[in-house]
Amino acid sequence: MTLFEKIWRRHVVLEREDGHALLYVDRHYLQDGSGPAFEMLRRRGLKPRVPQRAFAVPDHYVPTDSRDLATLRDPANRRVAEALTRNTGAAGIARFDLSDARQGIVHVVGPEQGMSRPGMLIVCGDSHTSTHGALGALAFGIGATEVAHVLATQTLWQKKPKAMRITVDGTLPEGVTAKDLILAIIAKISAAGAVGHAIEYAGSTIAALSMEGRFTVCNMSIEAGARAGMVAPDDKTFAYLEGRPSSPKGADWDRALARWRALGSDADAKFDREESLDAGSIAPMVTWGNSPEDALPITGRVPDPASAPDAAKRESMLRALDYMGLAPGTPLTEITVERVFIGSCTNGRIEDLRSAAAVAKGRKVASGVEAWVVPGSGLVKAQAEAEGLDRIFKEAGFQWRYAGCSSCLATNGDTVASGERCASSTNRNFQGRQGPGARTHLMSPAMCAAAAVTGRLADVRRLA
Amino acid sequence: MQALRQLESAALAIPRANVDTDQIVPARFLKRPRSEDFGEVLFHDQRHLLGAMPRGAARIVVAGRNFGCGSSREHAVWALYDYGFRAAIAPSFGDIFRSNALKNGFLPVVLAEEVVAGMLQVLARTPGARIALDVERQTVTAPGGAVHHFDIEPFARQCLLEGQDELDYTLTQADRIAEFERAYEAP
């Protein structure tokens, strides 16, 4: 059996003839975009069935220049953020408020607190819930109606996805990170490459990744179209979880550990699909277009639509180049940027900030560039400050801000202006994602820092 | 949820792959309450995608692969629905979008890439060409009259046909959930 199959089976409450299963949810995360689901419950006169399995933290709508909701310029944003307090308060759902030092992006906070653990079935009304799969959990994003369904019943109907394994072997070259790896995977299999599948990432490269690197990889599974992404739990996973506030303690820990050790896919497990990649062949990646699949090594050039395999692809490339303001054949390292954003549930953890700070140290943000660092959580921020990373960033000319989703999708007003080009450590380069007309290039945090100090997309390996 | 049994309507072509939910509804409109008209903000920053037909004239979208990829925002379905659409035809859909659609009386139809490409060609020549859908028979009748079968999970089909809600059904199974919980040892 696969890791996925083992977790799936444990959570089946009911099965219908058509293969749909009613699954029991161990952990339900809520954020400040969850208002519509609570409204659905109210309209039907329903209450949360198991409030202690839910946990809430505001992240999408919170300001990152202060910890005071009153500083949000748009009163509608404030109402959304405040609704979470009201809704979860009335339901008896635990929550970290904005004033809590542990507040942050839900996909950073959950693992940090030990609330996401191996073998769990985890859902959240946010597509990047796949992040938690890095701990050996089955975790996926759901819509508002499904959030209401989980609140009311602690269960969810699901069509069983197919199982896919992506095996990555070898050593990632110097300067190449988990972000480059997942961008290379998406470029290879396409943004729809894993639709209908739950991905298990395996191989020596994945085993060698830190937990934080695994979070980054699993986080962007959705950008390959996957329902979920996961990594079998190992000693690294257990070391990460041991001692965290919500992790089991004492004899409970020992029992949990015994169960977790049996979760990995069996040697003879069958996958519906297999893909493989050689880690040694991967270079630092950047995106040039409006889909995460539009990723190339930084040593490349903006592609030429004339070389597209068919008319539809040619048109889509022309549209992307027009939106992005790029000419075919331009070396990627000649593309200048006005904005840099380091943060998000993809790359807002301490190792991400360390790698960016290592590049920023002793350098200055290029003139005409506005560069932001937004830690993934208050605890990441505190850790970074204890290590002096905030000083490095500030001395280099970066803005050091408070935790939240911020410019990844700009729901809180942290937009990138129309026509501005942003080197971003986030997950989506869609048209308008960071604001109407904003031009996003996805890359690793270290590559973002390299872009900040050079004023252009830059090969971090060449910054001596 | 409104039932959907049959539909015969002009179709709107969006001949693009990877139309993501950020394009369908930009994030800055997600704070609107559901009671507001999301049709107003459908493709807000690319309104030209909605073509020249008056709102409500076309009730079916035909698009390239991976329609509705990206964010889990159900608002994407609400915006299509409020504008007047009841179905989309594409070679594939974002998984979460597809699931959200079925919970709102909006039918996502997956047809083979070449069949969809053919429909897009017809719609390019004849904007507003008509397509017919039959949920019960699981068929799509293309503008030229060719009939294609589509797959849909039996329960989702039943919910669409009867305008029935998944949650109502699950609530009738509360005893089974309680029974599961009694025996359940958390991982």
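Here are the numbers for the structure shown:
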{"quantity": "Formal net charge of residues neighbouring residue A:406 (Cβ-Cβ distance under 10 Å; K, R +1; D, E -1)", "calculated": "-2"}
{"quantity": "Mean projected area (nm²) of the alpha-carbon convex hull when the range A:210-327 is viewed from all directions", "calculated": "11.3 nm²"}
{"quantity": "Chain B: calculated mean residue ellipticity at 222 nm from DSSP helix runs of at least 4, using -39500 (n - 2.57)", "calculated": "-8500 deg cm²/dmol"}
{"quantity": "Cβ-based exposure ranking for A:149, A:107, B:48, in which fewest neighbours within 10 Å come first", "calculated": "B:48, A:149, A:107"}
{"quantity": "FRET efficiency, residue A:42 to residue B:185 (Cβ-Cβ, R0 25 Å, nearest 0.05)", "calculated": "0.15"}
{"quantity": "Stokes-Einstein D (µm²/s) once Rh is taken as the Kirkwood radius of the range A:3-273 over alpha-carbon pairs, at 20 °C in 1.002 mPa s", "calculated": "111 µm²/s"}
{"quantity": "Cα-based helix-to-principal-axis angle, B:174-183 vs chain B, degrees rounded to 10", "calculated": "60 degrees"}
{"quantity": "Residues B:72, A:204, A:291, sorted so that the one with the fewest Cβ neighbours within 10 Å comes first", "calculated": "A:204, A:291, B:72"}
{"quantity": "Set of aspartates and glutamates near residue A:361 by C-alpha distance (under 16 Å), chain-local residues within fewer than 8 positions excluded", "calculated": "A:351, A:352, A:385, A:387, A:390, A:395"}
{"quantity": "Within chain A, percent of DSSP bridges classed antiparallel, to nearest 5", "calculated": "25 percent"}
{"quantity": "Relative packing of peptides B:55-66, A:255-266 - highest average C-beta neighbours within 10 Å first", "calculated": "B:55-66, A:255-266"}
{"quantity": "Calculated diffusion of the range A:285-462, Stokes-Einstein form, Kirkwood radius summed over Cα pairs, 10 °C and 1.306 mPa s, µm²/s", "calculated": "99 µm²/s"}
{"quantity": "Stokes-Einstein D in µm²/s, Kirkwood radius over Cα pairs - the protein assembly as shown at 10 °C with 1.306 mPa s viscosity", "calculated": "64 µm²/s"}
{"quantity": "Quotient of Cα Rg and 2.2 N^0.38 Å for the range A:216-263, N being how many residues it contains", "calculated": "1.40"}
{"quantity": "Set of lysines near residue A:313 by C-alpha distance (under 17 Å), chain-local residues within fewer than 8 positions excluded", "calculated": "A:188"}
{"quantity": "Residue A:160 long-range amide H proximity, modeled H, under 5 Å", "calculated": "A:21"}
{"quantity": "Peptide A:31-38 - average C-beta neighbours from other chains (10 Å radius)", "calculated": "3"}
{"quantity": "Percentage relative contact order, chain A, counting C-alpha pairs under 8 Å, at least six apart", "calculated": "17 percent"}
{"quantity": "Reachable lysines from residue A:6, criterion Cα separation under 21 angstrom, eight or more residues apart if same chain", "calculated": "A:159, A:160, A:162, A:236, A:270"}
{"quantity": "Neighbour net charge for residue B:117 - beta-carbon separation under 11 angstrom, K R +1, D E -1", "calculated": "-2"}
{"quantity": "Normalised contact order of the range A:285-462, rounded percent, pairs of Cα under 8 Å and 6 or more residues apart", "calculated": "28 percent"}
{"quantity": "Value at 222 nm in deg cm²/dmol, rounded to 500, when DSSP H runs of n ≥ 4 in chain A each add -39,500 (n - 2.57)", "calculated": "-9500 deg cm²/dmol"}
{"quantity": "Antiparallel bridge percentage (DSSP; both residues within the range A:285-462; nearest 5)", "calculated": "25 percent"}
{"quantity": "Contact order normalised by residue count of chain B, Cα under 8 Å, 6+ apart, percent", "calculated": "26 percent"}
{"quantity": "10 Å Cβ neighbours from other chains, averaged over peptide B:58-71", "calculated": "4"}
{"quantity": "Number of partner chain Cβ atoms within 10 Å, mean per residue of A:137-146", "calculated": "6"}
{"quantity": "Where N is the number of residues in the range B:6-183, Cα Rg divided by 2.2 N^0.38 Å", "calculated": "1.08"}
{"quantity": "Relative exposure of B:161, B:167, judged by other C-beta atoms within 10 Å (fewest first)", "calculated": "B:161, B:167"}
{"quantity": "Mean Cβ neighbour count within 10 Å, used as a protection proxy, ranking A:90-101, A:452-463, A:111-122 highest first", "calculated": "A:111-122, A:452-463, A:90-101"}
{"quantity": "Volume in Å³ per residue [convex hull over Cα atoms, computed for the range A:243-302]", "calculated": "215 Å³"}
{"quantity": "Positive minus negative residues near residue A:428 (Lys, Arg vs Asp, Glu; Cβ under 10 Å)", "calculated": "-2"}
{"quantity": "Farthest toward positive dipole pole in the range A:3-273 [+1 Lys/Arg, -1 Asp/Glu at C-beta], among A:85, A:260, A:181", "calculated": "A:85"}
{"quantity": "C-alpha center-to-center spacing [the range B:14-59, the range A:185-201] in angstrom", "calculated": "27 Å"}
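All of the numbers you see were taken from the coordinates with simple rules; none came from a lab. Please read all numbers here as calculations on a predicted model, not as lab measurements. With ideal geometry, Cβ positions are generated from the backbone for all residues, glycine too; neighbour counts draw on all protein chains shown.
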